[in-house]
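Below is one structure, written out as structure tokens, with a few remarks after it.
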Amino acid sequence: MNVLRLLMVDDHVMLAEALSARLAEVTDLWVVGHCATSDPRLSDVVRQTRPDVLTVDVEPAGAGTGRLLAQLQRIRPSTAIVVLTGVREPGQAIAAARAGAAAWVPKERSFEELTEVLLGVCRGRSWYPPDLLGPVLRELREDAVRAGERNGPLDVLSDRERDVLTRMVNGKRGAQIAEDLLISAETVRTHTRSILAKLQVHSQLEAVSLACSAGLRADDEPDLVR
């Protein structure tokens with residue numbers, strides 16, 4: 001039987017330690033570690049521990065929930081992400097779903113329910129509480145409709161090109177964008193050339209101006225994973 005590697009990311013250290021001690025008793029799970037969302041070594045811990053499933057408390061991330069989870073997903077795409085939190089904010093749940101989180105488990109749920117979800121997401125299952133599932137599904141359906149329409153000035157861009165352009169709007173340079181997106185500086189330059197060609201502009205300044213006119217706004221949130 002394959003034992004699933006579990007990493008816990010939670011700023012409440014005592015709770016994480018107590019829960020990891022209980023989860024260590026589950027035959028199919030191996031708790032490979034736990035750390036805080038604010039830990040500057042978080043990305044390195046994820047790479048080193050190679051978790052199959054990862055629990056994250058998104059409360060400290062706030063409006064940056066989507067960015068945090070998307071960055072964790074990029075570090076290790078095969079890892080199933082489970083939000084384990086006391087927060088019940090629909091906006092954060094929607095951001096989590098958009099970023100690829102397989103499940104959202106309130107901390108007041110029983111240990112048995114949490115264990116079932118952790119094992120289930122590694123078999124391709126998903127779980128969100130009923131009070132959050134409705135808003136999540138509505139927004140994901142609207143995302144699909146908007147993606148199908150593709151009639152905005154920025155809709156000619158791929159998702160990754162849009163990621164690069166967003167960081168250009170934030171005032172970041174090539175090396176910073178490469179570090180954020182975990183890609184090479186040359187790949188950033190390739191995306192930038194493609195952005196200019198698709199938007200039919202001649203400079204990054206023009207591209208940023210067009211993006212702002214189209215409603216793309218600078219994100220003042222700091223990078224949550226380094």
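Structure data summary
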| quantity | calculated |
| --- | --- |
| The range 1-28: number of residues that are more than 24 Å from Gly124 (Cα to Cα), open to solvent by less than 60 Å² (accessible area, probe 1.4 Å) and of a type outside the set (A, V, I, L, M, F, W, C) | 1 |
| Complete set of residues in the range 129-138 that are open to solvent by 30 Å² or more (accessible area, probe 1.4 Å) and either among the hydroxyl-bearing types (Ser, Thr, Tyr) or touching a Lys or Arg at 6+ places or on another chain (Cβ under 8 Å) (or both) | Asp131 |
| Residue selected from the range 180-222 under the condition charged (D, E, K, R) and at pLDDT 90 or above, by the criterion nearest to Arg76 (Cα to Cα) | Glu186 |
| Any hit, the range 93-101, residues being more than 24 Å from Val164 (Cα to Cα) and at pLDDT 90 or above | yes |
| Selected residue [outside any strand (DSSP E or B) and either open to solvent by 50 Å² or more (accessible area, probe 1.4 Å) or closer than 23 Å to Ala24 by Cα (or both)] from Val82, Val117 | Val117 |
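The values are calculated or read from the model by the stated rules, or taken from the named source; none is laboratory data. The shown structure was predicted, so the numbers you read here are calculated from the model rather than taken from an experiment. Glycine gets a Cβ as well: all are built from the backbone with ideal geometry, and neighbour counts include every protein chain shown. All accessible areas refer to the heavy atoms of the entire protein, side chains included, with ligands and DNA or RNA removed. Shrake-Rupley method; radii C 1.70, N 1.55, O 1.52, S 1.80 Å.
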